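Inspection log for the structure reproduced underneath, given as structure tokens.
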């Protein structure tokens, strides 16, 4: 039973990053946030990548990048 619960815990937590910080493009038109600073979705950002808290990013109405979901 312990092994089953441990595996279930590992399986469930592996899909949701535990990080509180995310990365966004510094432009005013940014729509997505990224867990990985080197995400391919940030490759065309010409305004610089900014580190924010996940709470701040969601507060700005940003959603998770499609390359990372």
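Please work out which residue is surrounded by the most Cβ atoms within 10 Å (Cβ to Cβ), limiting yourself to segment 18-30 and to residues that are assigned to a loop (DSSP other than H, G, I, E, B) and in contact with a strand residue (DSSP E or B) (Cβ under 7 Å, 6 or more places away or on another chain). Here the residue is 30. Looking only at segment 32-60, residues that are exposed (fewer than 12 other Cβ atoms within 10 Å of the Cβ), without any contact (Cβ under 8 Å) to a residue 24 or more places away in the chain and not in a loop (DSSP other than H, G, I, E, B) come to 1 in all.
So that you can scan it fast, the table gives a plain yes or no per residue for (1) touching a helix residue (DSSP H, G or I) at 6+ places or on another chain (Cβ under 8 Å); (2) at pLDDT 90 or above:
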{"position": "2", "(1), (2)": "no, no"}
{"position": "9", "(1), (2)": "no, no"}
{"position": "16", "(1), (2)": "no, no"}
{"position": "21", "(1), (2)": "yes, yes"}
{"position": "24", "(1), (2)": "yes, yes"}
{"position": "30", "(1), (2)": "no, yes"}
{"position": "39", "(1), (2)": "no, yes"}
{"position": "47", "(1), (2)": "no, no"}
{"position": "69", "(1), (2)": "no, no"}
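The values are calculated or read from the model by the stated rules, or taken from the named source; none is laboratory data. All of these numbers come straight from a predicted model, not from anything done at the bench. Using ideal geometry, Cβ is built from the backbone for each residue, glycine included, and neighbour counts are taken over all protein chains shown.
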